[in-house]
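What follows is one structure encoded as structure tokens, with my remarks underneath.
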Amino acid sequence: MVMTDASTPDIHRFHNRIAEVSDGMIFVGYLWVGVADVTWRHRGKTYQDVNVDMVLASSTGNPQNPWDFSDRADPDDADAYAELASGRVLWYGTEYSIRFLDSGEASRVLRDVFPSKFPPPGKMETLISRIREFIDRRRRL
């Protein structure tokens, strides 16, 4: 999960997008991107951030277990935006090329590769807000 401020231009255009990931000419898998606005209160002050979540489904070549999932946390939203906009992502030390899929291809991949990896729309934001509220309450004890 990438915690960001709202200043990153157009980061929301990547929300719920799927990209094909490759290493040169070799297919690696698919990247899912989720962007969510989150608001929470801490010590009486309201904060707003943007969460950018990315999950890579790497092809294993094994028909019994075809995908290996990993996610990425990046403390700098400008890096996440720059990578997504450039079509290149650095994933745990390896640089990959990405190509965002059209809506038809993306729907198929979301259904076939990522069917149960993500909460329904709106649930992620609610969950994150509740976790932050819980942490804030614990700190006040």
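Translational D (Stokes-Einstein, µm²/s) of the range 19-71 at 25 °C and 0.890 mPa s when Rh comes from the Kirkwood sum over C-alpha pairs? Could you put the intermediate results ahead of the total?
On the way: Rh = 13.5 Å.
Approximately 182 µm²/s, per Stokes-Einstein.
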Checklist entry - How long is the gain from residue 16 to residue 46 if the chain were fully straight, where each residue apart is worth 0.36 nm and the alpha carbon distance is subtracted? => result 8.2 nm
Checklist entry - Taking amide H positions as placed 1.01 Å from N in the peptide plane, with prolines and chain starts having none, which residues 5 or more places from residue 16, or on another chain, fall under 5 Å of its amide H? => result 33, 34, 35
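Values in this text are rule-based calculations from the coordinates and carry no lab data. All of these numbers come straight from a predicted model, not from anything done at the bench.
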